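Report on the structure given below.
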Amino acid sequence: MDFPLLTVIVFLPLLGAAVVALLGNARAVAGRVVAATVAVVDLALVAWLASRFDVDGGMQFVEKLTWVPQVGITYHLAIDGMSLAMVALSALLTVLAIVASWKTEKNPALWFSMLLLLEVGMNGVFVAMDFVLFYVFWELVLVPMYFLIATWGGPRRQYAAVKFFLYTLFGSVFMLVGIIALYLQTGTFNILEMAGAGLDPKFQWWVFAAFFLGFAVKVPVFPLHTWLPDAHVEAPTAASVLLAGVLLKMGSYGFLRISLPILPDAAAEWSTFIAALAAISIVYGAAVAFAQTDMKKLVAYSSVSHMGFVMLGIASMTPEGLNGAVAVMFSHGVVTGMLFFLVGMVYDRTHTRMIAEVSGLSSQVPVAGGLLAFASFASLGLPGLSGFVGEFLSLVGAWASDIPVGWVVLSAIGVLLAAAYMLWLVQRVVLGSPSAAVSGIADLSAREVAVLLPLVALTLIVGLYWDSLLRFTDPAVRSILAMMGGA
Amino acid sequence: MTVGLPHVLTLAALLFGIGLYGALSRKNAVHVMMSLELMANAVNLNLVGFSRFVTPEAMTGQFFAVFSMVVSAAEIGLGLALVIAIYRRKRSVELDAVQELKG
Amino acid sequence: MDWVTLIPLLPALAFVVLAPLSRAARAKLVPLAVAAVLGSLGLSIAAFLAVWPGGHGEVWQASVTIAHIGDRAITLGLALEPMSAIMLTVVTVVGACVQVYSLGYMHREDRIGWYYAVLSLFTAAMLALVLSDNFLGLFMAWEVMGLCSYLLIGFWHEQEAPRLASIKAFLTTKVGDLGFMLALAVVYAEAGAFDFATVLHHDWTAGTATLVALLMLFAAMGKSAQFPLHVWLPDAMAGPTPASALIHAATMVAAGVFLVVRAFPIFEASGIALTITLWVGLITALLAGLLAMVQHDIKKVLAYSTISQLGFMFIALGAGSSTAALYHLVTHAYFKSLLFLGAGVIIHAAHTQDMRQMGGLAKKLPVTSLAFASGSLALAGIVPFSGFWSKDEILAVLLHEHQYVAFAIALLAAFVTAFYVARLWFRVFTAPTQQEDLHEGHRSMLVPMVVLAVITAVIGFFGPTLGDFLGHEIPWPALGTAAISTVAALGGITLGWYVYGRRTSVVNTQALKQRFPHAYGVLANKYYFDLTYGYFVVGGYTTLARALATFDARVVDGVVNGVAAAWRSLSAAGWTFDGRIVDGAVNGAASAVRAAGDKVRTLQTGSVRSYQTLIAGAVVLLVVWILVKGA
């Protein structure tokens, strides 16, 4: 058997988490070095995997061991281009989150080990090809995130953490029902084998509904989104980054990996409904974001809007739409990560997130202001930056699909509304003369710039050369569509 | 006179009786444990005896005896460790000194 | 020929070098940006010569595939052909003039480095736009230009007005860009590609062609500030004047026209789209011209004039002559940027943008006034200045197409144009001097103006050559139309002179305003577009957004919290039930057990010896019992 690279990528952070926890708060300095090292090594392993990845090779680096043979549960990991993009995002953002929270003073051992534990769950979700394993990782993610919010969060952290936990748990319970139903019908827990099983459409409809609840809460799709702003506002910066950057993608990943290939007939039936919810999410999220007075809440609602484009692309079920969906997932992870980092960095200095109290960043702190403006333009979908790629492809795909034109046009209006809330933010926060809270603050440190630079680079690379991302995702998308067609 | 099963059983019964008496009458924990060993060895003697005279072709009883001896060796080790631990706390190995588990 | 790539790449590199630097380092590297655009200018002229003598077809083409999706590939490419060659020279000439001019105009700004960086990025995007061989690349460059326009309008962002103007400009053009995005989606769905060759040779049905054409027209209306999406351009004058000259007069606003020219076969396949284009142009040309008559801010006059002239280009397009539109685009780029640069000198000298406080500048600013005269006569359409030739071509096309109503409106617009040009000229240059201490501009500002003035004066003689180069015909003006348009222009100028030029005192038009209060009110309020948009669109959206935010917090989240609260009270009730009854039973059982335990615990002496005795006794009893039972 080959070197179990995926297992190492998934579980190395677990080892790191254990070491950091054992080192304890007394040796927190060593602990954070260990945490950073582990995360960097993990990222390097992902990069190494990517370098050996065969873009046309379908599922690769397969590891399959029997786990509970009596009911056919296997330890089954594998990776394709779509998973790779998500794992890369998760590994990168974990490294950046650790570096960005380098100076954490409250219970640092627990903090860093929770971040690493979170990475285990995130990496695992994207490479698990067995439903039970998938579900384990899916739920595993909740635990560290709960503690990250509940321990290091803002004033209402308990409320937000519990809401986050219960809401997503509520969704995943339905998912579990769906998994069990599928198992009873097909006799396997293997996600890949189930694809194209040709299940009865009526049965598919119900299972799709169950999965929909589980995934839609995570994405989140209007009207199941209200846990998101609360969680984001209360969560510490690094947790917000990972929450928006990776956790939301688990939901849309679920649609792409599970709902579409396994339940193609139901997906086709649901597509208009999903497109409608997507369009509403886009416009509604954008409008609500426009009215926010808290920077973090604005970015949180912008996530609702952007994830709407993911759902629109998924609902289109065209190569362009699905590629667009994955591209938005990736780009949103990068760009929103950047935005949350920046809002956090500004908050560290000004001790306020109120838009009304912060202005003139570009005059006082040109680096921070410039990067915030850059991230904003990436977020509003300026061509040449990554945000455009996915939104554009989603729209193109949606137009070419059976989705009613009205929803596509409504979604396109969302692009305009995104420009409105993002520019209005730039207008008030970045431009103008420095406000009282801003005057006298220091610009970004080298460490903070180092956190943001990789994201800036990715935004530009993906935005200018789409294939840097799409060459990984397109074969995966094609195989998803082939599975749907084969059913 | 050949030694038969009755001889063995008698010896074992005597040994067991001595052990039981010792275990019940002694206050010193070490003595009690020695007595317990006597009783255990009486049982071992029985096992060997039955094996030799009742089922001579099967070795089951003999193996059992060896197994039992190994277990009691471990048991004594553990017991003595406990006694030492008690001694450290109480400076005594009198069993009556240890009554913490009184209900 | 791959050096053509360098034309947009040089200014782009200048941006890449300048943008990440500190303010001071950027300022030092300003010459780099100027050198880059001069390099592009040189290469553009070389490219022009390489295409010469023109006619048909591509001379050079290069592309790169940026994405593979399914079995389709998305490519971005550049192509050099006559039209892009002409546009290259226009953009680089005006761009170079503006950059040299800005050395003088902006030298006191401490953020001059940032200004040059954005100007370079803009130039790069505009050059990429004209060279692009596909709609996607054109759109990407189009959007980047929008960004640069936003950044430059808001250059003095510490002040309120530029800040608001910049966001207004970006969002208004973005409204149009929605049309572009959707048009691209339709194009991709229909033709499966974005490149001009495939898309334009696609077999368009009239319906789809109309859809695509109208969506693109909408985009062009946003970018080229046509009614009713024109509102951003006058406000955009809050930016630095040279930037206005380049972006909001010569190049970016013309990109809308350029887009329609590129997509012209689709417009022709539609038919109805051309008619709509024509009327958009007519309405814009006339209404914007009327507005230019009542503005007091010199830059706003020029801004409305730009809108009006862009309207003329749309008229040409609507009448079916993309060549005439392109011709007017070229001439307008030169003379309007010239006028803006002149306005910059005037503003520097007079320290105000209000024409009512100017006057008599002709004597103090001789070079500027001469150069400005060249531009003004071109704008008014006086032979032999460039605007005459191209405007005449547009009018000739209208006559040729038997569009007599359109011809009349266009002629009226030309008359209005001449009037407001005269108004501007006489107010600024010949009216009584109201200020002392007026100074001519710096040499770095005058040289570019002279260059542009000379081009404006002579370029009209090359119309037919230009036509040949493009592979179309641009005839010399027919005597009849030339006479009619000259009469209109002279009439406008005469009227302007009559109102503003003939007196020696400062003109006061209060009486005129009082005589036509309603008409003046409509014009002064800019046909109420800004008020309507501000109230209904911006105000409406803001109110809606706030309402939705409240809805989200109260209703959507309220439901969630309500469920949670209901569940909590249910569980509280359950707690009571649980505590009293369910747990009561459990506790009852427990206390019974405890009572029994209390009794039994006395057995638990804790003494090892008593346990031993107990065990031994029990064993004895057991043995006895077995013996008795067994017997």
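What number of residues within region A:81-116 are of a type in the set (S, T, Y) and either within 27 Å of A:R257 (Cα to Cα) or part of a helix (DSSP H, G or I) (or both)?
The initial filter retains those residues of region A:81-116 that are of a type in the set (S, T, Y), namely A:83, A:90, A:94, A:101, A:104, A:113.
From the residues that got through so far, the ones that are either within 27 Å of A:R257 (Cα to Cα) or part of a helix (DSSP H, G or I) (or both) too are A:83, A:90, A:94, A:113.
Count: 4.
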field: Odd one out for C:G54, checked against (1) within 14 Å of chain A (Cβ to nearest Cβ); (2) over 30 Å from the mean Cα position of the chain (by Cα)
entry: (1)
- line: When restricted to A:S281, A:S305, A:S271, A:S259, the only residue at negative phi and without any contact (Cβ under 8 Å) to a residue 60 or more places away in the chain is A:S259
- request: Read through the list (1) under 19 Å from the mean Cα position of the chain (by Cα); (2) within 9 Å of another protein chain (Cβ to nearest Cβ); (3) under 21 Å from A:A91 (Cβ atoms), then give the number of the only condition that A:S386 fails.
  value: (2)
query: Do the conditions hold for B:G79, that is, is it touching a helix residue (DSSP H, G or I) at 6+ places or on another chain (Cβ under 6 Å), in a helix (DSSP H, G or I) and in contact (Cβ under 8 Å) with a residue 24 or more places away in the chain?
result: yes
Residue tally, condition of a type in the set (S, T, Y) and in contact (Cβ under 8 Å) with a residue 12 or more places away in the chain, over region C:439-472: 2
Output for region A:396-423, where each listed residue is surrounded by fewer than 20 Cβ atoms within 10 Å (Cβ to Cβ), within 13 Å of chain C (Cβ to nearest Cβ) and either more than 24 Å from C:I167 (Cα to Cα) or in contact (Cβ under 8 Å) with a residue 60 or more places away in the chain (or both): A:D402, A:V405, A:G406, A:L410, A:I413
- request: Looking only at region C:262-285, count how many residues are touching a Ser or Thr at 6+ places or on another chain (Cβ under 8 Å) and buried (at least 23 other Cβ atoms within 10 Å of the Cβ).
  value: 5
task: Return a yes/no flag: does region C:550-558 have any residue that is of a type in the set (K, R), within 14 Å of chain A (Cβ to nearest Cβ) and under 30 Å from the mean Cα position of the chain (by Cα).
output: no
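Let's see how each residue does on (1) of a type in the set (F, W, Y); (2) out of contact with any helix residue (DSSP H, G or I) (no Cβ under 9 Å at 6 or more places or on another chain); (3) surrounded by fewer than 24 Cβ atoms within 10 Å (Cβ to Cβ); (4) at pLDDT 90 or above:
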residue	(1), (2), (3), (4)
C:H296	no, no, yes, no
C:I307	no, no, no, yes
C:F312	yes, no, no, yes
C:S337	no, no, no, yes
Sole residue being buried (at least 21 other Cβ atoms within 10 Å of the Cβ), over 18 Å from A:F137 (Cβ atoms) and either within 14 Å of another protein chain (Cβ to nearest Cβ) or acidic (D, E) (or both), chosen from A:F170, A:F164, A:F222: A:F222
task: Could you please give the count of residues in region C:115-162 that are part of a helix (DSSP H, G or I), within 13 Å of another protein chain (Cβ to nearest Cβ) and among the aromatic types (F, W, Y)?
output: 4
- line: When every residue in region B:56-101 that is loosely packed, with under 11 Cβ neighbours inside 10 Å and more than 23 Å from B:M34 (Cβ to Cβ) is compared, the one farthest from the other protein chains (Cβ to nearest Cβ) is B:E57
- request: Identify, by number, the condition in (1) closer than 16 Å to A:L256 by Cα; (2) within 14 Å of another protein chain (Cβ to nearest Cβ); (3) more than 21 Å from the chain's Cα centre (by Cα) that A:L192 doesn't meet.
  value: (2)
query: In the set B:V43, B:V3, B:V70, which member is at pLDDT below 90 and either touching a Cys at 6+ places or on another chain (Cβ under 8 Å) or of a type in the set (V, I, T) (or both)?
result: B:V3
Residues satisfying the stated conditions in region C:179-225, i.e. without any contact (Cβ under 8 Å) to a residue 24 or more places away in the chain, surrounded by fewer than 21 Cβ atoms within 10 Å (Cβ to Cβ) and either part of a helix (DSSP H, G or I) or within 14 Å of another protein chain (Cβ to nearest Cβ) (or both): C:A189, C:E190, C:A191, C:T198, C:G207, C:T208
- request: Might you check whether a residue that is surrounded by 14 or more Cβ atoms within 10 Å (Cβ to Cβ), acidic (D, E) and within 14 Å of another protein chain (Cβ to nearest Cβ) occurs anywhere in region C:523-541?
  value: no
query: Which condition breaks for A:G178 when tested against (1) surrounded by 17 or more Cβ atoms within 10 Å (Cβ to Cβ); (2) at pLDDT below 85; (3) more than 19 Å from the chain's Cα centre (by Cα)?
result: (2)
- request: Answer yes or no as to whether B:A40 is touching a helix residue (DSSP H, G or I) at 6+ places or on another chain (Cβ under 8 Å), without any contact (Cβ under 8 Å) to a residue 40 or more places away in the chain, loosely packed, with under 14 Cβ neighbours inside 10 Å and away from chain C (no Cβ under 11 Å).
  value: no
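Please work out if A:K202 is surrounded by 17 or more Cβ atoms within 10 Å (Cβ to Cβ) and of a type in the set (K, R). Explain how you work it out, then say what you get.
Details: surrounded by 17 or more Cβ atoms within 10 Å (Cβ to Cβ): no; of a type in the set (K, R): yes.
No.
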- request: Could you grab me the full set of residues in region A:324-350 that are of a type in the set (S, T, Y) and surrounded by fewer than 24 Cβ atoms within 10 Å (Cβ to Cβ)?
  value: A:Y347, A:T350
message: Quick test of your reading of the structure: C:Y404 fulfils all but one of (1) crowded, with 24+ Cβ neighbours inside 10 Å; (2) without any contact (Cβ under 8 Å) to a residue 24 or more places away in the chain; (3) of a type outside the set (K, R). Name the failing condition by number.
response: (1)
Entirely in region C:420-504, the helices (runs of 4 or more DSSP H) that have 2 or more residues that are farther than 30 Å from C:S84 by Cβ: C:443-458, C:479-496
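What helices (runs of 4 or more DSSP H) completely inside region C:1-75 contain at least 1 residues that are in contact with a Pro (Cβ under 6 Å, 6 or more places away or on another chain) and surrounded by 15 or more Cβ atoms within 10 Å (Cβ to Cβ)? Break it down stepwise before answering.
On the way: elements: C:6-18, C:23-28, C:30-51.
Counting at least 1 such residues, we get C:30-51.
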message: I'd like to check something: does region A:346-362 contain any residue that is part of a helix (DSSP H, G or I) and at the interface with chain C (Cβ under 9 Å from one of its Cβ atoms)?
response: yes
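The values are calculated or read from the model by the stated rules, or taken from the named source; none is laboratory data. Keep in mind the model is a prediction, meaning the values are calculated, not measured. Because the Cβ atoms are built from the backbone with ideal geometry, glycine has one as well, and the counts that use them run over all protein chains shown.
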